[in-house]
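The structure under discussion appears below in the form of structure tokens.
The values are calculated or read from the model by the stated rules, or taken from the named source; none is laboratory data. Given the structure is predicted, the values throughout are model-derived calculations rather than measurements. Please note: Cβ atoms are built from the backbone with ideal geometry, for glycine as well, and neighbour counts cover all protein chains shown.
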Amino acid sequence: MSVRVRFAPSPTGFLHIGGARTALFNWLYARHTGGQFILRIEDTDTARNTQAAVDVILNGLRWLGLDWDEGPLTSDATGPSHGGRGPYFQSQRKDIYQRRVEALLSRGLAYEHDGAVKFKMTREPVLMDDLIVGHVRRELTDREAVDPDFVIVRSDGQPVFHFVNVVDDLEMGITHVIRGEDHLSNTAKHIALFRAFDVSPPKYAHIPLILNADGSKMSKRDQGASLATYVDEGYLPEAVVNYLVLLGWSPKDNREILSIPELIERFDLPQVLRHNARFDMAKLQWMNGEYMRTLPDDRFYELCVHTFARAGVDTNRFPLPYVKAALDTCKGKLKTLSELPGYAGFYFNEVTQFDAAAAQKDFTPENKPRLQRLREVYAALPEFNAAPLEACLKSVAAELGVKAGVLVHPVRLACTGKTAGPSLYHLLEVLGREKSLARLDAALARM
RNA sequence: GACCCUAUCGUCUAGUGGUUAGGACACCACCCUUUCACGGUGGCGGCCGGGGUUCGAAUCCCCGUAGGGUCGCCA
């Protein structure tokens, strides 16, 4: 029997990073086994479920590169979809739920109570055999001992989560339910429901949760809880995917940077850990830097141009070769794209602000004649290229009897406004003689 | 309160009875580079506690403790 897994988010307006990982694990399992990955939208909460909220989910999955074999094609609940087990929006499946409720009612497995419909839950402990957690014997809690039955249809006619979730998994032929461990206790209810329908439940695999850095539960409000944060802050989807998969899963051989094809080949449920993991932003940053460094040039340019555009810098005003040359000096030096405008903005904007502490130290009266001398030499340089620029600076330093750093630091500050940035000689070459000398002059005027 | 899950460096993890407890991120030092980043070398740092079982426990069992989850006419 072919594997069928699903990701069934509720469109609340954002995609939780934990949800993204759940989707990833499901997707990887489907791809690993040659099965189907199904996307189902649990939009029963009509009050807050909007089409825009569905787009957040669809776009988030697309950004991560998690394509679904069955599910909606657009965020329109009544719109087109892929697959023969639709509709894939719960809001469009009311008659299916209705039929299932009636079936339970007619067989005496559910009953009406205060206008709602309650399911007759088993009084016995439920045994589960989880692919990750193992054997679990779920006893009734004290509250459940008083009344184990639970509502499956509210008095307003709306079926509840536990019910629709099970009915859909059943109708859609889901074979493996891979979801967060927060659902482990509820699984007893779900298993009982499957049995009431005379079908054997799917296999369950409960994955550990992602916690905040301090070990507390990661909720919507917490920094970094939304996938959008990583999109906005210039992370690469491949880095996010790689980082996420390592939270609760291990390839067991000390390797950490793994490509998607490698992940698909190696991912499996038995290697999923049982304990929760804390989110470590520093490690994600490191990993993002690793991916940034190996990005193909064209994609790097494209991402950089977008990043500048979002920061209000239109790089299209500059000749393409200039833009590319400028970006080439940044390649491999950034951990995230969001650092780019601050790192290389000087290529596209005038430098009006200088690092205060550095200016105090470098823009001094005694440095003025030194910089003036270097300016003269640079002005007369036949070729304004990195190699001669470096050689010249060094010979001027020697002539002046100072270390190269004495000239390097003020020049960098004058041309970029910062103390850190691309290789000095290469950035001067890209900037060109005219701009470089103008910036030197502006700095000299301040000394 | 009840029920369920979990527990190795600060963090992510390897480890399934015998290892000097390994790797990665972070941190520190040095090298490379007169910026930053990368890279290289070295360092710091861990089996939650207590009982068992065993010739021998990070590994198995029990009890604590701690963290997380669930007990809704939320999903």
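Answer yes if at least one residue in segment A:163-178 is over 25 Å from the mean Cα position of the chain (by Cα) and near RNA strand B (Cβ under 8 Å from one of its atoms), and no otherwise.
Taking every residue of segment A:163-178 in turn, at least one turns out to be over 25 Å from the mean Cα position of the chain (by Cα) and near RNA strand B (Cβ under 8 Å from one of its atoms).
Okay, residues lined up against (1) crowded, with 20+ Cβ neighbours inside 10 Å; (2) over 25 Å from A:Ser216 (Cβ atoms); (3) modelled with pLDDT of 95 or more:
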position: A:Val3; (1), (2), (3): no, yes, yes
position: A:Arg6; (1), (2), (3): yes, yes, yes
position: A:Pro11; (1), (2), (3): yes, yes, no
position: A:Ala23; (1), (2), (3): yes, no, yes
position: A:Phe37; (1), (2), (3): yes, yes, yes
position: A:Glu42; (1), (2), (3): no, yes, no
position: A:Thr46; (1), (2), (3): no, yes, no
position: A:Ala52; (1), (2), (3): no, yes, no
position: A:Leu66; (1), (2), (3): yes, yes, yes
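Out of all the residues in segment A:198-205, is one or more touching a strand residue (DSSP E or B) at 6+ places or on another chain (Cβ under 9 Å), assigned to a loop (DSSP other than H, G, I, E, B), of a type outside the set (Ser, Thr, Tyr) and farther than 30 Å from A:Gly108 by Cβ?
Taking segment A:198-205 first, the residues touching a strand residue (DSSP E or B) at 6+ places or on another chain (Cβ under 9 Å) are A:201-205.
Subset that is assigned to a loop (DSSP other than H, G, I, E, B): A:201-202.
Right, trim to of a type outside the set (Ser, Thr, Tyr) and you get A:201-202.
Next cut, farther than 30 Å from A:Gly108 by Cβ only: none.
The answer is no; no qualifying residue exists.
Would you point out the residue of segment A:407-432, among those that are within 8 Å of RNA strand B (Cβ to nearest atom) and β-branched (Val, Ile, Thr), that is surrounded by the fewest Cβ atoms within 10 Å (Cβ to Cβ)?
A:Thr419
Right, A:Leu389: under 30 Å from A:Gly289 (Cβ atoms), touching a helix residue (DSSP H, G or I) at 6+ places or on another chain (Cβ under 9 Å) and of a type outside the set (Gly, Ala, Ser) or not?
Yes, satisfied.
Take segment A:135-152 and flag every residue that is out of contact with any Phe, Trp or Tyr (no Cβ under 7 Å at 6 or more places or on another chain), of a type outside the set (D, E, K, R) and more than 6 Å from RNA strand B (Cβ to nearest atom).
The initial filter retains those residues of segment A:135-152 that are out of contact with any Phe, Trp or Tyr (no Cβ under 7 Å at 6 or more places or on another chain), namely A:135-148, A:151.
Pick out the ones that are also of a type outside the set (D, E, K, R) and you get A:135-136, A:140-141, A:145-146, A:148, A:151.
Across segment A:135-152, the qualifying residues are A:His135, A:Leu140, A:Ala145, A:Val146, A:Pro148.
Looking at A:Leu209, A:Leu184, A:Leu170, can you tell me which residue is within 25 Å of A:Asp69 (Cβ to Cβ), surrounded by fewer than 21 Cβ atoms within 10 Å (Cβ to Cβ) and in contact (Cβ under 8 Å) with a residue 12 or more places away in the chain?
Answer to the selection: A:Leu170.
Which one of A:Phe354, A:Phe346, A:Phe363 is surrounded by 15 or more Cβ atoms within 10 Å (Cβ to Cβ) and within 30 Å of the chain's Cα centre (by Cα)?
Values: A:Phe354 fails: within 30 Å of the chain's Cα centre (by Cα); A:Phe363 fails: within 30 Å of the chain's Cα centre (by Cα).
The unique qualifying residue is A:Phe346.
Go through (1) assigned to a helix (DSSP H, G or I); (2) over 27 Å from A:Pro341 (Cα atoms); (3) near RNA strand B (Cβ under 10 Å from one of its atoms); (4) free of Cβ contacts under 8 Å to residues at least 24 places away in the same chain for A:Asp253 and report which single condition fails.
The one condition A:Asp253 does not meet is (1).
Can you say whether A:Ser436 is among the polar types (S, T, N, Q) and crowded, with 21+ Cβ neighbours inside 10 Å, as far as the supplied structure shows?
Yes: the conditions hold for A:Ser436.
Inside segment A:270-301, can you point out the residues that are surrounded by 13 or more Cβ atoms within 10 Å (Cβ to Cβ), assigned to a helix (DSSP H, G or I) and more than 13 Å from RNA strand B (Cβ to nearest atom)?
Residues satisfying the conditions are A:Phe300, A:Tyr301.
Got a number for residues in segment A:332-366 being of a type in the set (Lys, Arg) and within 10 Å of RNA strand B (Cβ to nearest atom)?
2
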